[in-house]
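The structure appears below as structure tokens.
The values are calculated or read from the model by the stated rules, or taken from the named source; none is laboratory data. The shown structure was predicted, so the numbers you read here are calculated from the model rather than taken from an experiment. Reconstructed Cβ throughout: ideal geometry from the backbone, glycine too, with neighbour counts over all protein chains shown. Note: areas computed on protein heavy atoms with side chains; ligands, DNA, RNA excluded. Shrake-Rupley method; radii C 1.70, N 1.55, O 1.52, S 1.80 Å.
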Amino acid sequence: MKKKHTKHRLKPSDLTFHLPSGWLNFTTTKELGPHDGVIGQERAMKAVETGLEIPTRGYNIFAVGEPGSGKTSTLKRILTAKAENEPIGQDLCYIYNFSSPDRPQPMLLPAGEGRKLAKEMERLVKELKKMIPRILLEGASGHIRAGIIAETKARADELTIKASRVANDLGLILQESENALHVLPLYRGKPLTESKMEQLPDRTRRRMEKKIIEFQEKAESFAYARRQLEIDHDERVRAAEIRAITPIVEERFRQVSSMFMGVSDEVITYLDEVLNHCIENYHLFVQDEQDSDEQDSLPFALLEPSGGDSDEDPEILYNVNVLIDRSQETGAPVVVERIPTAAALCGAFEYRETPGGLSTDHTLLRAGALHQANGGYLLLQAQELLSHENSWNSLKRALRHKEIAIDEGMGHGDRPKLAGALKPGAVALNTKVVLVGGHEIYYILNMEDENFGRLFKILADFEPSMAGTKTNVMKMARFAGQVCREEGYLPIHRSGVARLVEYAARRAAQKHKMITKQAALLDLLAEANMVAVKHKSKSIRKTDVDEAIDAREHRHASISESVAREIDAGTILIKSSGAAVGQINGIAVYDVGGFAFGTPVRITARTYVGRKGVVNIDREVHLSGAIHDKGSLIMIGYVGGRFAQKEPLAFSASITFEQSYDEIDGDSASSAELYTLLSSLSGCPINQGIAVTGSVNQLGELQPIGGVNEKIEGVFDMCQRRGLTGNEGVLIPTSNVKNLMLKKEVIEAVRKGVFNIYAVSSIDEGIEVLTGIKAGKRLANGTWEKNSINYRVQQRLNEFVSSTRDDIRSALNCEL
């Protein structure tokens with residue numbers, strides 16, 4: 001075993017980041033002012049500002065970023081602050097359209113005026129229902145009506161007498177039954193019914209039928225005169241009643257109109273239409289008993305009053321449906337729609353049961369989020385929007401045409417849709433829409449939907465991390481302090497703030513950056529506060545945060561501990577002492593439910609005579625992903641480029657992850673595979689106490705990988721359980737040093753010299769650390785330094801080439 005390598009060994013100060021002592025000039029966050037603004041999202045905030053300031057169509061905003069980064073809460077706060085200084089939106093009402101009853105008419109009014117109009121119309125209808133019948137039944141109007149009825153009755157009686165005379169002259173008699181006249185033949189002075197006529201002799205019966213036909217011919221003139229009398233009566237009564245009610249009804253409408261003079265010309269026009277309809281259809285306000293009394297006093301049934309519909313209800317016709325009431329608002333609206341179905345966005349119909357089935361009208365229209373946000377801002381989650389059928393198309397249509405149309409097809413799925421029943425008028429749309437989602441959704445919409453780029457021209461990209469500057473650290477401290485005040489937590493001691501910053505840097509996977517994911521910090525803060533309260537502390541200190549982090553890791557450690565038990569029991573074979581040829585400990589990272597942990601995995605390589613080249617067993621059996629396969633091929637390119645400039649590669653090798661039965665992906669083990677191959681070719685043993693991670697390119701340069709902290713800590717935990725001797729450690733790429741934010745236990749072990757972390761930038765540097773043997777440089781004559789790793793690899797490859805040539809010659813001689 002070679003002496004422990006120290007050249008590339010990292011110092012404890014390289015393994016983490018500690019805040020400078022002068023950055024936190026306070027004792028607890030109780031001393032700090034409130035947090036104002038956004039932390040570390042300057043690019044996104046500039047984009048949002050641009051989108052909000054440009055009123056032109058299409059300058060809506062799509063905010064992208066990782067879940068939990070505070071996009072929605074930040075945007076809502078910004079929109080609310082901006083909306084407070086903007087004009088209040090308008091009330092939205094729907095009214096009956098007297099010219100096109102199937103097209104309810106929208107009406108926009110100043111805030112509060114919609115509810116006022118609705119109440120006045122409701123009061124007006126109630127008054128008219130009492131006023132009009134009283135006018136028609138009492139006083140002069142009642143006398144005029146009675147006179148017209150009496151005169152009509154007298155004229156009707158004259159017609160009846162004349163018809164009776166004609167009937168008597170023909171030997172018939174005229175009888176009245178249920179306001180209708182019937183003619184019957186006389187036989188021996190008595191009227192005959194139809195059944196008795198059938199019993200008469202044929203000659204007598206035919207003679208009587210002839211008289212009846214003759215009377216009917218003469219009675220046509222009487223029937224015509226009777227119908228004209230009915231029409232004349234109806235018109236005279238109607239004209240008289242209209243004259244009677246008009247002055248009082250007009251006066252009442254003038255009172256209502258005066259309330260809205262200077263407020264809305266549209267209301268004045270609407271009230272004029274209602275007045276005309278009310279006068280023309282005054283019978284809607286008259287009880288059926290009044291018409292019944294008149295029918296009883298006349299010898300015939302009156303015609304249905306013209307201009308009226310007995311099925312119409314003035315309480316519905318004149319109802320003002322206030323969809324949006326802004327009487328209590330103080331600024332422009334800000335709406336967050338959590339369940340953005342098409343109906344929830346653009347509005348919907350409701351239905352009522354009637355004897356003829358389900359029906360709807362303008363009073364059953366319901367507002368959507370676009371109506372509520374009109375004149376302001378609408379905030380939506382893109383994932384939710386796309387998960388509901390037709391929601392995205394409905395939103396696009398509204399934004400493209402700048403109008404909100406309530407479509408009866410937008411009703412809830414469990415409600416019937418009466419196609420074509422109503423087509424409400426559209427409402428002009430003036431709303432800034434802000435969508436919140438991930439990068440994947442944004443790019444899919446951008447590529448797949450040609451309208452997306454025209455409707456959402458502003459991208460606000462919320463970055464996952466921010467610079468760990470003093471300014472940002474203090475912003476985070478104020479933010480955390482404000483959260484504590486709002487949630488009733490203990491204040492945070494400066495040591496607790498420092499630990500939060502370290503945690504944020506660890507989550508950002510860079511020493512001098514901090515994660516912007518507010519949700520992660522808020523969760524940790526809640527758990528640390530619980531620990532501090534349990535310990536009866538006056539503030540949240542570093543030890544409280546550490547305990548909260550440890551408790552969280554313990555809750556998620558079931559699987560990692562299970563893997564550790566398998567290693568400790570020898571079920572999973574991992575060697576951490578001594579040296580071996582063609583064998584190395586790589587490091588795998590598992591992410592289970594958001595909790596990542598690293599664990600060693602054995603990688604082996606075997607080389608022998610042949611011409612198969614390097615065979616990656618995992619790739620051959622389809623247990624590797626595309627990125628891992630790419631790493632393997634790069635490794636082959638490195639070997640060929642370095643050792644086959646004069647002679648072709650003529651050898652066989654197999655490499656595999658031992659005891660791996662699931663798919664492997666990623667190229668972070670490509671350097672470990674290459675070290676294993678070089679060890680097998682050179683015959684030089686690798687220190688089994690050093691685990692390896694890192695990606696490699698064809699030039700032999702090591703490239704950074706992800707999860708470096710979890711990988712180091714996973715190896716450390718195993719070595720610690722087995723007992724640290726000072727020979728254990730991890731080899732990482734130099735470019736990953738900036739990502740190191742290791743646990744204090746690992747740093748302390750490095751400080752004591754019982755655990756090692758090496759950082760190298762090339763395969764040559766790495767193989768020297770692993771074997772303790774010089775990698776070797778190429779000499780001027782093209783050979784390598786004698787007894788170096790590269791020299792031994794080249795010699796072994798040359799031997800394989802010679803053996804292969806000898807085999808070829810032997811085969812040719814046999815054939816000859």
(request) Look at the stretch 24-64 and say how many of its residues are without any contact (Cβ under 8 Å) to a residue 24 or more places away in the chain and under 21 Å from Ser495 (Cα atoms). (result) 2
(message) Every residue in the stretch 791-816 that is at pLDDT 85 or above and open to solvent by 70 Å² or more (accessible area, probe 1.4 Å), please.
(response) Arg792, Gln795, Arg796, Glu799
(request) Starting from the stretch 445-461, keep only residues that are farther than 13 Å from Trp392 by Cβ and touching a residue at least 24 places away in the same chain (Cβ under 8 Å), then list their pairs with residues that are open to solvent by 20 Å² or more (accessible area, probe 1.4 Å) and not in a helix (DSSP H, G or I) whose Cβ atoms are within a distance under 9 Å, requiring at least 6 positions of separation or different chains. (result) Arg454/Arg57; Lys457/Ile54; Lys457/Thr56; Lys457/Tyr59; Ile458/Ile54; Ile458/Tyr59
(request) Those residues that are among the hydroxyl-bearing types (Ser, Thr, Tyr) and open to solvent by less than 30 Å² (accessible area, probe 1.4 Å), I need them from the stretch 226-266; list them, please. (result) Thr246, Ser257, Ser264
(message) I'm trying to understand the selection: among the residues of the stretch 437-488, which are of a type in the set (A, V, I, L, M, F, W, C) and not in a helix (DSSP H, G or I)?
(response) Phe456, Ile458, Leu459, Ala460, Phe462, Met466, Ala467
(request) Name the strands (runs of 3 or more DSSP E) wholly inside the stretch 306-364 in which the number of residues that are under 24 Å from Asp407 (Cβ atoms) and either open to solvent by less than 10 Å² (accessible area, probe 1.4 Å) or modelled with pLDDT of 90 or more (or both) is 3 or more. (result) 321-324, 334-337
(request) Say whether the condition of being surrounded by 21 or more Cβ atoms within 10 Å (Cβ to Cβ) and part of a helix (DSSP H, G or I) is met by at least one residue in the stretch 719-738. (result) yes
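Here is a yes/no grid of residues against (1) touching a strand residue (DSSP E or B) at 6+ places or on another chain (Cβ under 8 Å); (2) under 24 Å from Asn697 (Cβ atoms):
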site	(1), (2)
Ser560	yes, no
Gly570	no, no
Ala579	yes, no
Ser624	yes, yes
Ile655	yes, yes
(message) Residues that are within 30 Å of Asp14 (Cβ to Cβ), out of contact with any strand residue (DSSP E or B) (no Cβ under 7 Å at 6 or more places or on another chain) and crowded, with 16+ Cβ neighbours inside 10 Å: does the stretch 477-488 have at least one?
(response) yes
(message) For Ala460, only one of the following conditions fails: (1) modelled with pLDDT of 95 or more; (2) over 18 Å from Gly40 (Cβ atoms). What is its number?
(response) (2)
(request) Please work out which residue is surrounded by the most Cβ atoms within 10 Å (Cβ to Cβ), limiting yourself to the stretch 530-557 and to residues that are at pLDDT 95 or above and touching a strand residue (DSSP E or B) at 6+ places or on another chain (Cβ under 6 Å). (result) Ile540
(message) Where the second residue is outside any helix (DSSP H, G or I) and the first is without any contact (Cβ under 8 Å) to a residue 24 or more places away in the chain and lies in the stretch 252-275, which pairs have Cβ atoms under 9 Å and are six or more apart or on separate chains?
(response) Ile268/Phe260; Ile268/Met261; Leu271/Phe260
(request) Go through Ala63, Ala47 for me and flag whichever is closer than 25 Å to Ile444 by Cβ, at pLDDT 95 or above, surrounded by 23 or more Cβ atoms within 10 Å (Cβ to Cβ) and of a type in the set (A, V, I, L, M, F, W, C). (result) Ala63
(request) Could you please give the count of residues in the stretch 461-509 that are under 30 Å from Asn60 (Cβ atoms) and in contact with a Lys or Arg (Cβ under 9 Å, 6 or more places away or on another chain)? (result) 7
(message) Out of everything in the stretch 68-85 that is part of a loop (DSSP other than H, G, I, E, B) and open to solvent by less than 50 Å² (accessible area, probe 1.4 Å), what residue ends up being farthest from Phe462 (Cα to Cα)?
(response) Gly68
(message) Return the residues of the stretch 391-402 that are more than 17 Å from Arg366 (Cβ to Cβ) and open to solvent by less than 80 Å² (accessible area, probe 1.4 Å); say none if nothing qualifies.
(response) Trp392, Asn393, Leu395, Lys396, Leu399
(request) Residues that are surrounded by 14 or more Cβ atoms within 10 Å (Cβ to Cβ) and in contact (Cβ under 8 Å) with a residue 60 or more places away in the chain: find the strands (runs of 3 or more DSSP E) completely inside the stretch 574-663 holding 2 or more of those. (result) 583-592, 595-608
(request) Could you look through the stretch 598-628, keep only residues that are at pLDDT 90 or above and among the charged types (D, E, K, R), and pick out the one that is nearest to the chain's Cα centre (by Cα)? (result) Arg602
(request) Only residues that are in a helix (DSSP H, G or I), in contact (Cβ under 8 Å) with a residue 40 or more places away in the chain and open to solvent by 40 Å² or more (accessible area, probe 1.4 Å): list them for the stretch 490-517, please. (result) Arg494, Arg499, Arg506
(message) Checking the conditions here, which among Lys752, Lys777 is touching a helix residue (DSSP H, G or I) at 6+ places or on another chain (Cβ under 9 Å) and either open to solvent by 40 Å² or more (accessible area, probe 1.4 Å) or among the β-branched types (Val, Ile, Thr) (or both)?
(response) Lys777
